[in-house]
1. With Cβ to Cβ distances under 14 Å as the rule, what net charge do the other residues near L53 carry (K, R +1; D, E -1)?
2. Is region 16-60 rounded, prolate or oblate when judged by the Cα gyration tensor, a ≥ b ≥ c being the square roots of its eigenvalues, rounded requiring a/c under 1.5 and prolate requiring a/b larger than b/c?
3. Would you work out the charge dipole size for the chain about its Cα centre, treating the Cβ of every Lys and Arg as +1 and the Cβ of every Asp and Glu as -1, and quote it to the nearest 20 debye?
4. In the Gaussian network model of the chain, springs joining C-alpha atoms below 10 Å, which of A35, A54, A25 carries the largest mean-square fluctuation?
5. Which residue, chosen from S15, Q38, S76, occupies the Cα position most advanced towards the positive end of the dipole of region 3-80, where the dipole is computed from +1 (Lys, Arg) and -1 (Asp, Glu) charges on Cβ about the Cα centre?
6. How large is the helix-only mean residue ellipticity at 222 nm for the chain, computed as the sum of -39500 (n - 2.57) over DSSP H runs with n ≥ 4, divided by its residue count, in deg cm²/dmol to the nearest 500?
7. What is the sum of charges around L77, taking Lys and Arg as +1, Asp and Glu as -1, for the other residues whose C-beta is under 12 Å from the C-beta of L77?
8. Treating each Cα of the chain as an identical point scatterer and ignoring solvent, apply the Debye formula and state log10 I(q)/I(0) at q = 0.14, 0.17, 0.19 Å⁻¹.
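What follows is calculated from the coordinates using simple rules that are stated; it is not laboratory data. Quick caveat: nothing in here was measured; it's all calculated off a predicted structure. When we count neighbours, we look across all protein chains shown, and the Cβ atoms used for this are built from the backbone with ideal geometry, even at glycine.
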Amino acid sequence: MSMVDVGKSELEKASLYSLKLLETALQKQESYLGALRQSGGSVLGSRMDKLLLAINARSGRSDHLVNIAKLVTHFSLLCLI
């Protein structure tokens, strides 16, 4: 197995885990925010879908989802090589 194959495999794992983490956060956000409200604490929580659509501080645009799509597209092109 060459270094390129190992790197590709590690990139695939990292991308998959990142997307699974996003998926899990989106699935569990309602129950988490509900529990946060019920706790009566002073911590504020934001919905993940709202954060993903928010303005990116670096670019000044709402491009978080575009960056995720670019990552997925870039990875799929690497797998074809």
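1. Once positives and negatives cancel, what remains is +1.
2. oblate
3. With Lys and Arg at +1 and Asp and Glu at -1, about 260 debye.
4. Sorting by GNM fluctuation, first place goes to A35.
5. Among S15, Q38, S76, the one farthest towards the positive end of the dipole of region 3-80 is Q38.
6. The helix-only estimate for the chain comes to -25000 deg cm²/dmol at 222 nm.
7. Surrounding charge for L77 is +2.
8. So the normalised log intensities work out to -0.66, -0.84, -0.94.
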